[in-house]
1. Any idea which of Leu273, Leu228 is closer than 30 Å to Lys422 by Cα and at pLDDT 80 or above?
2. Evaluate the following for Asn131: is it surrounded by fewer than 19 Cβ atoms within 10 Å (Cβ to Cβ) and more than 32 Å from the chain's Cα centre (by Cα)?
3. Could you run through the stretch 150-188 and say how many residues are without any contact (Cβ under 8 Å) to a residue 12 or more places away in the chain, over 17 Å from Gln384 (Cα atoms) and among the hydrophobic types (A, V, I, L, M, F, W, C)?
4. Going by what's in this entry, would Glu355 be described as closer than 30 Å to Lys257 by Cα and under 37 Å from the mean Cα position of the chain (by Cα)?
5. If Gln421 satisfies every condition in (1) at pLDDT 85 or above; (2) surrounded by fewer than 18 Cβ atoms within 10 Å (Cβ to Cβ); (3) not charged (D, E, K, R) but one, which is the exception?
6. What number of residues within the stretch 170-224 are hydroxyl-bearing (Ser, Thr, Tyr) and loosely packed, with under 13 Cβ neighbours inside 10 Å?
7. For the stretch 74-93, indicate whether the set of residues that are crowded, with 16+ Cβ neighbours inside 10 Å, modelled with pLDDT under 85, outside the structural domain of Thr207 (by TED's automatic domain parsing) and not in a helix (DSSP H, G or I) is non-empty.
8. Only one of these is assigned by TED's automatic domain parsing to the domain that holds Lys158 and farther than 30 Å from Lys172 by Cα: Gln395, Gln384, Gln388, Gln350. Name it.
Amino acid sequence: MNKTLITFIIALVFTIPILAQKQIWTLEQCLQIGVENNYDIKIKLLEVEKLKKQRHSYLSSIVPVIQSNFNHSYNFGSTIDPATNSRVSSNIQYDNININSRFEIFDLQSIRENQLLKLNAEIAGNDFEINKLMYQLEITEMYFKTLSTQELLKIQYKQFENTEFNFDRISKEVALGNKPTSDLFDIQLLKSTEENKITATKHLFQTEISSLFNFLNIQNFNSEIINLDASFQYFQLLPEKIATTPSIKKAELEVLKTKKNIESLKSINFPKLTAYHNLSSFYFQSLNTNPINTSNFKNQLLDNKENQVGFSLNIPIFNGSTLYNKIAATKIENEQSQLELENEKLRHQQEIEREKLVLKQLEIELENHLSTLIIANNSYNTTQSKFQNGIVDTQIFAMVKNNLLAMQYQLIQLQLNIEFQKIKLQLLQ
């Protein structure tokens, strides 16, 4: 009893680390980590953030701009004194302090340009969503391709168990003299062939896992302990669908941008109203006179201060023909962007209809394939019984077995393709 318990504990200790090493990756994990690690997406996101920072509200555009200046200077030389008509020294110290503020009360062009900055940020945001969508589709396609190879490997392992069973059975019958040695050679060839196929599929699976993880920019992984989730629940794991297709939204924003460009160009002809305020003062001292006879710095600044308040109205009269040519060209761009929007809507609708048709065709193929798979399974069971009774040889058994393997693999492919089409439709719509 104690030996059995000790043996069980030792087996458990060695088994737990092995089980712990197995990593099951879901499509949701691949999509999330892939987006987080992709440098192109990170660059696009930073571009969006940069354009958002360049935006400013209208209220911030009319906040006064305040500047201050301080000048300290010395003049050396001489000049004519009008009272004595004689030349006297003009060595003086001069200090000037100036504080001025200026703000735009009305500038339609600035308002239009700020609206364009906002649109540029939204367009960049849609570029980000488009890049993210295309990247997710590529991840999904690679995931299902790799998963298909993984499921093929499981089928091959399962069928190889049957081959090992037949190999053991025939080996015993040959040893008893009930079957010729040639039957043992045939089943050995079948077993060796299946082992080679399993090795090739395993290598292909590890290669596809490596390609997938490299595409996700994941480092330091072991492809031999990674499996993909085959629960067929991918459709429910996707993130919430966005309100509008990014490509269509971008085309709509491009139309709006050309309209705002026209408005911005036209706003150049509108007047600009600016208010300003200027506060200044100065300090003056002749270097040749006694400082006692000169007012101190503080008193001079208070006595010499000056305030200036005013408004400036800039009214454009003629800007030449260049502006009108730019407006005409921008109107053509607006027409082009409207056509591109209609073309994008049509292209997107056609793509959705095409993908729906593919999904419908796959579902029909799956229904027909299930009926054929029942026949193939029945044929295999019958042939297995005949093979055990010596009615059919190993070549016939191998042919029927390979047919069943192909049918089972095709079933997995159809199921995965249907799931992929559902995900693709959800991402595209």
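The values are calculated or read from the model by the stated rules, or taken from the named source; none is laboratory data. The structure displayed is predicted, hence computed values, not measured ones. Methodologically, a virtual Cβ is constructed for each residue, glycine included, from the backbone with ideal geometry; neighbour enumeration extends over all protein chains shown.
1. Result of the check over Leu273, Leu228: Leu228.
2. no
3. 4
4. Numbers: closer than 30 Å to Lys257 by Cα: no; under 37 Å from the mean Cα position of the chain (by Cα): yes.
No.
5. (2)
6. Qualifying residue count, the stretch 170-224: 4.
7. Yes: one or more hits.
8. The unique qualifying residue is Gln350.
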